[in-house]
Amino acid sequence: MRSLGRTLYIIVCAAGAARDVSRLVGHAQDEGWAVQVIATPAAMDFIDVVALEDQTGRPVRSRYRKPNEPRPPRADAIIVAPATFNTINKFAQGMTDTYALGLLAEAPGLGIPVVVLPFVNSAFAARAPLRHSIDNLRAEGVTVLFGPGQFEPHPAGTGAEQLKDYPWHLALKALNTRGGGL
Ligand SMILES: Cc1cc2nc3c(=O)[nH]c(=O)nc-3n(C[C@H](O)[C@H](O)[C@H](O)COP(=O)(O)O)c2cc1C
């Protein structure tokens, strides 16, 4: 489907599911989004940058621009998938030490809808900091797809076996449900 001109930022973090983010990009493009992929610096080792740039027609961005470089087009909506333990906790705390986190830090205040689809194992999920982060993000209006029928944590050490079942489709569905979709 041709892009209607609205821009979806897909923020990809350094978890195994990142290698399949092209699936989410394709689904979003089918819905009419222009897609900009943002990777955390650590995620750059998990993704096929050239293939994603071909797919989106835009450079994958992972670092802040230089002050004299032009601003990229603003996001109309943001999906974070896969979202790591690290990035979820830092987003909730308001840290901005990656470009991805800088975008996320401002998004709720700018009224940009944000959907977070975690990819964490049960050991990460058992930690109080993650539970608090999810509660705090939800209280700020961020959609976090964590729990029964959404992303459900897998046993530690089994992430590679979960990749085919990672529910990419739920992220776009959630965006449409909360009114941020096209
Ligand atoms: C092979 C590999 C797989 C990983 N899988 C996960 C994962 O599924 N979930 C997670 O939260 N962290 C995972 N990590 C750890 C993160 O990559 C690490 O915490 C990193 O600092 C996250 O950076 P980011 O949040 O900026 O992307 C993995 C690391 C490696 C090397």
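A DSSP coil position with no more than 14 other Cβ atoms inside 10 Å describes the following GluC sites (Glu not before Pro) in segment 103-182: Glu140. Pull up the cross-link candidates among the lysines for Lys66, meaning alpha carbon to alpha carbon under 25 Å and not fewer than 8 places away within one chain. Counting by Cα, and skipping residues close in sequence, Lys66 has these lysines nearby: Lys90. In summary, the lysines within cross-link reach of Lys173, defined as a Cα separation below 24 angstrom excluding same-chain residues under 8 places away, comprise Lys164. The alpha carbon gyration tensor of segment 82-182 gives principal lengths a ≥ b ≥ c with a/c of 1.5 or higher and a/b no greater than b/c, which makes the shape oblate. Could you check how many percent of all C-alpha pairs in segment 56-114 are farther apart than 12 Å? More than 12 Å apart: 72 percent of the Cα pairs in segment 56-114.
Local charge sum around Leu110 (other residues, Cβ-Cβ under 14 Å, Lys/Arg +1, Asp/Glu -1)? Net charge in that neighbourhood comes out at -1. For segment 51-132, which chymotrypsin sites (Phe, Trp or Tyr not before Pro) are both in a DSSP coil and crowded by at most 14 other Cβ atoms within 10 Å? Of the chymotrypsin sites (Phe, Trp or Tyr not before Pro), the ones in loops of segment 51-132 whose Cβ has at most 14 other Cβ atoms within 10 Å are Tyr64.
In plain terms, the residue of Leu175, Leu101 with the fewest other Cβ atoms within 10 Å comes first and the most crowded comes last, giving Leu101, Leu175. Mean-square fluctuations from a GNM of the chain, with a 10 angstrom spring cutoff on Cα atoms, peak among Pro153, Pro70, Pro41 at Pro70. As a calculated quantity, the FRET efficiency between Leu163 and Arg63 at R0 = 30 Å, using C-beta atoms, amounts to about 0.65.
Exposure here means at most 15 other Cβ atoms within 10 Å; with trypsin sites (Lys or Arg not before Pro) in a DSSP loop as sites, the longest stretch of the chain lacking them is 3-62. Taking Asp76, Asp48, Asp165 in turn, the Gaussian network model of the chain (Cα-Cα springs below 10 Å) assigns the largest fluctuation to Asp165.
Throughout, read-outs are computed from the coordinates displayed, never taken from laboratory work. Nothing here was measured: the structure is a model prediction, and the numbers come from that model. Glycine gets a Cβ as well: all are built from the backbone with ideal geometry, and neighbour counts include every protein chain shown.
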